[in-house]
Amino acid sequence: MEKGYRLVHCQRLFGSRHGSQYFQVQPPDEDGPDVVPVDGAAAWAQVGEQMAKAWQDIERRAQTTIQEGERDEVNPWLERTQWLPYLVGMERPDLLACIEEPVAEPDARQEQQAEPVEAAIWAAMDGLARFSQASIIDRIGVFIRLEAIRTEMHQTRFQPLQPYMDKDAIVKHTRPWQQMLMFFARTQKEHAWKSPKYRFTRRQREAWEVLIEQAKRSIEGDEEDEAEDMDEEREELDEEMMDDIDESIEVAEEEPGQGEGPEPKKLSKIQKACLEFCIALLNHRITRREYDSPLVCALAVLGVKEDGWKGPEQYPPILSAVIKIARFMVVQKGLEMSGPDEDSGDETDDDLDDSAYESGPSQRRRPKGCLQLVQRMMDRFMVRGSHSPMQWMLDLRTYGLKIHYNTTTRGHVEWTNGDELLYKELHFSMAQFRGMVHGLASESRRLLTEELMFGSKAAPVPAVPWESIRDNPTDERPGWNFLKDHRTSMPVDGERWLFERVGKSASIRSRFMKPGTQSGVDRQAVERYMDRVVEFREKLAVLMHMTGGQPARGPELLSVRHSNTVQGGHRNIFIEDGMVVFVTRYHKGYKVSGDVKIIHRYLPREVGELVVWYMWLVLPFQQRLEALVWEKEAVSSHMWPADPSGRKWTTDRLREALKRESRIAMGQEWTFAGYREMAIGISRRFLRGSTAFQADEGEENKEWAEEQAGDSIADEQAGHTSHVAGLVYARGIMEQSGAVADRRQQFRASSTDWHRFLGFQAGVDDQRRSSKRKRAPFESEADEARVDRWQRLRKMDARAQLKRMMGEKAEFRGVQEAAIKAITAGESPVVAVMPTGAGKSLLFMLPAWAEQGGTTVVVVPLIALRGDMAQRCKKLGISCVEWQSRRPPDAAAVVLVTPESAVGEEFATFLNRLRATRQLDRIIIDECHIVLNRQYTFRKQMQQLGKLVAVETQMVMLTATLPPSEEDELFRRMHFERGQVRMFRAPTARSNIAYRVVRVEKERKRQEVEATVLAMVQQKVRKYKSGKIVVYGNSVPKVKGLAEKLKCHAYHHHAVGKASMLGEFMGGKQRVIVATSALGMGVDVPDIRCIVHMDWPFSVLDYAQESGRAGRDGERSEAIMMVQDGEQRAADDKQGEAEQRLVRAYVEGIDEAATCRRVVLDGYLADFPTSK
């Protein structure tokens, strides 16, 4: 008998209803090749493909499918949650997809299908949570909030249930409830994926159906038409919960409570349905397994991640959000159920019934009051001992927190190369960190003084009189701060100063005024000014956060007030012994515990000055502008109040400000949480034991214990602990409320250590306190690093390092090797006179290349020379940066700076910081003959470079033009003793340059002289077909005029685009350039063939420097001086007369021994004159 059937593979998509039917599918082996290859290699290749496919399937299932673990896999968290047995076999992508936020309408740009019903439920839950939080704030008192916060049956709590500090934060904390509702919504309808099993009780089922119905009605827009049906359904549910309390619901909906003012807003019908379902989920007594509760099942899905499970670090915050929103909803439920005529003395002892465990009807007194209803609901299903989902959540959260606080977290901090920190994707050195902080301080200072206070060199900002500022922390009068202390004497009236400064300056005043307007001011101009104020406050927030010591959290920083308030009775900005300190009280746990944590963070003088200036001079003007333009009725006392535009300060805004500043300075984005962790790591690594974080639980602070031993013994003799002594006994008259003296001193020590580490001056402590201070580890390590660096330099094989840096063919020339050995030996001062092209730059490049742990400062007089030097350093791999005060280059190996900046205050601060951190190795003054400049009106700072000797570091002077007769003058101006100077002098004669003088008759007119110069230059251009020509003139108008006729660039001190001019000249695009002495030094163009001077030079030194630009490649070149009798500039003093005599001697070619002009020139510049 033949078979009446055949075996096939089949499948079905839906397990029930009309879509459930089987259909045939292709068997797994039918999609393989029809012909099995017989060749061995081909067959083995096919086996390899099948093996790879099988392994990929295993890996995919391991990543996406929840699988049972092995018995020996130890994970107490998963054993406690029992997620694995419940969700085994489920696909992680499916579980994560089922709790995603739905979309209400289809969008072609998104693959997600529209789910209008689910979207309506999602929005309803959000609205319900917001409404419930508003009820906590506006509609109930402290008794109900104390009931709602309970976790035990008979528990007395002293801190009531609090709303979230930021009203928008509830959006984030409502999300777990929204995700659980999506889990139910997507598993209750037909779906093609394997979902976890759970079962609603009857009352939960009915509440869910009502919610779905209301969601559909809200989509269709007929929610109000079905209001009566909704009321009936709610009444039935409440009958099962509270027997006959349904009547009170109707009354509460129809009549406002007497004596409560206007009727509060009501929940929408879908929000009420959502509330009923959530309460039904919570009101579930567990009698057998936790996973008999649908709420526990949904919570298990929230524990799933793409690559595993949410552990005790991530899951307790989710439970906390679910618990707090649940408490909000219980209070809201009590309000919905309570009647308008509440009897405060009414009591009840009946129970809430769960419809899953029905009991016979009984007569009970009906509780009307919200307090009694909340109390009953809390006892029924919101506390431990109720055997409800809430008890499961409370216990699991406690267990998770116990694991979290007793388990080490994953480490993210690593140190490399001594002081380079690796944190996640961030990598920076401590020098870069210091540079970022000081750059931010410099930019904040510029913004405040120049753009907010309109300061300038002509109209400076009043200095802060630190010695005369007094403060009284005990004065709690509203609006009071240290500026109002009668003992404080400020040089100007801060209430009027900025207003009067604007009024006295017509240009500044015109920015703000706009005739014809009601207020008389230009609103747009005021808004622009306020934008600058906002920018400054953002920078100040980041600066205070990073310089006060260990950083505060965002809410703590934003709670800072500059003046006392009526409500808080306190401010947070104080002056203590010449230091600004901000004291925070608010913290992240304040809303829960109600306790304040008083923490002092002291600011360095440079940052404290910004705070005082802002409060003293800017804030009064700013507040009056806001009152006038925006008609504000009240002004906030917060340091960071809402902007005039209405934008508020939040932790997100602080986070974005920190990201922006770190991105500008470091090219990396830092977060608040990341910086807090990095600061702790830096403290452990570099700060002294008394103020640093302990590395682990067992580390004891012996130094601090020894210092405090005497105080502790004295307190014990008095019969109390040191803490009690600070709180109660012998407190100072000016001691701030809540502060303890010894704690305050510890905070101060921590902050000042941090200031020293960052390179700020810590000179506000008196000498006695400074002498007792122990050295911080970072100071000792910096000293050791510097000693090691110099020891390696002394032992360095200079020739071997030269070949490594420049190539095997590199050799020292002239006095290079001797000078470098003196530099690496640490001798100071060192003066090296070397001819042009002899490699003076090598004297600082080689040590900086060999040991890049320190910083070499190079004073360079000209922009052109700085650019050329920076480019050469970078080619050799030496980190070289040009000085910018807004971005201090603490991490650079070579810092290039102009003479003007080198003697400025900001650069002096930078040098002091390098000294404090033991990074400063040496200061190089290139073209050091500029110190001999006698033109007091031209770049007078060049004569002040002797100030740099005060830095007390190695000094190296380099030049090609230092006459022996000028050595003593150079040493005098640089404060050198001749006997201490190591002098290295090489012959500087330029034998490849032919010197010539062209005399022009005195009667010739200026135009005729220019025509002669023009003809000469044109002739030289034809002669030197590829060479370049430079024409020097003494005045800018003369230079511009000749350049226009030659159709070339005019290079002078005030010219725009000097770098591009020089670039075109060096590249050969322009073969001729006309210039003043601004092009006299440091221009390294090898193929200049002719130098023409069309005026008398100021001195032989200047002429030697400028004519030395020719023939730097060693080829024959010429230097021509065109002079007109009677045109030599008159001397200003005797020294000038002597120099002019030398110039005339050169022009005449007269000397005691010969008549060659080079003899005159070389005899002046060197000890060894040359022949023709």
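Every number in this text was worked out from the coordinates using simple rules, so none of it is lab data. Keep in mind it's a predicted model, so treat the numbers as computed, not measured. Glycine gets a Cβ as well: all are built from the backbone with ideal geometry, and neighbour counts include every protein chain shown.
Things worth noting here:
- When Tyr1146, Tyr995 are arranged by Cβ crowding within 10 Å, least crowded first, meaning fewest neighbours, the order is Tyr995, Tyr1146.
- Note on Ala825 and Glu1001: the model spin-label points, each 7 Å out from Cα along the C-beta direction, lie 6.2 nm apart.
- In order through the stretch 540-551: 3J(HN,Hα) via Karplus (6.51 cos²θ - 1.76 cosθ + 1.60), integer Hz, x for Gly, Pro: 5, 4, 5, 5, 5, 4, 9, 10, x, x, 5, x
- Cβ-derived FRET efficiency at R0 30 Å, Asn417 paired with Gln56, nearest 0.05: 0.10
- Using a simple spin-label model with pseudo-atoms 7 Å out from Cα toward Cβ, Glu91 and Ser429 lie 5.3 nm apart.
- Summing +1 for each Lys or Arg and -1 for each Asp or Glu among the other residues whose beta-carbon sits under 13 angstrom from that of His975 gives 0.
- When Met390, Met90 are sorted by how many other C-beta atoms sit within 10 angstrom of their C-beta, beginning with the fewest, the order is Met90, Met390.
- Part-to-part distance (alpha-carbon centres) for the stretch 426-474 and the stretch 625-672, which is given in Å: 18
- Two-site FRET efficiency, Asp475 against Asp742, from Cβ-Cβ distance with R₀ of 25 Å, rounded to 0.05: 0.60
- For the peptides 482-494, 1064-1076, the ranking by packing is 1064-1076, 482-494, with the highest mean count of neighbouring Cβ atoms within 10 Å listed first.
- Overall, the anisotropy analysis places the stretch 778-985 in the rounded class: the square-rooted eigenvalues a ≥ b ≥ c of its C-alpha gyration tensor yield a/c less than 1.5.
- For Val521, residues with placed amide H under 5 Å, excluding near neighbours: Lys514
- Of the GluC sites (Glu not before Pro) found in the stretch 870-966, those in coil by DSSP whose Cβ has at most 16 other Cβ atoms within 10 Å are Glu952.
- Among the listed pairs Lys1025/Lys1045; Lys324/Lys659; Lys305/Lys597; Lys172/Lys648; Lys1040/Lys1069; Lys216/Lys265, those beyond 28 Å (Cα-Cα): Lys324/Lys659; Lys305/Lys597
- The phi torsions of the stretch 501-515, fed into the Karplus equation with coefficients 6.51, -1.76 and 1.60 and a -60° offset, translate into couplings of 4, 5, x, 7, 9, 4, 5, 6, 4, 5, 5, 8, 8, 8, x Hz, rounded to whole numbers, with Gly and Pro shown as x.
- The slack in the chain from His191 to Asp168, taken as 0.36 nm per residue of separation less the alpha-carbon distance, amounts to 4.8 nm.
- In terms of surrounding Cβ atoms within a 10 Å radius of their Cβ, Cys1090, Cys98 rank from fewest to most as Cys98, Cys1090.
- Scanning residues 5 or more positions from Lys1028 or on other chains, those with amide H under 5 Å from its amide H are Ile1088, Arg1089, Cys1090, with H placed 1.01 Å from N in the peptide plane.
- Backbone geometry of the stretch 471-480 corresponds, through the Karplus equation with coefficients 6.51, -1.76 and 1.60 at θ = phi - 60°, to 3J(HN,Hα) couplings of 9, 10, x, 7, 7, 10, 5, x, x, 8 Hz, x marking Gly and Pro.
- Here the peptides 131-137, 747-753, 1033-1039 are ranked by packing, the mean other Cβ count within 10 Å, and the order with the highest first is 747-753, 131-137, 1033-1039.
- For the stretch 863-927 versus the stretch 1009-1054, the inter-centroid distance based on Cα atoms is 34 Å.
- Relative packing of 613-626, 846-859, which averages over residues the other C-beta atoms within 10 Å, highest first: 846-859, 613-626
- The stretch 278-343 and the stretch 1096-1124: distance between their alpha carbon centers, rounded to Å: 89
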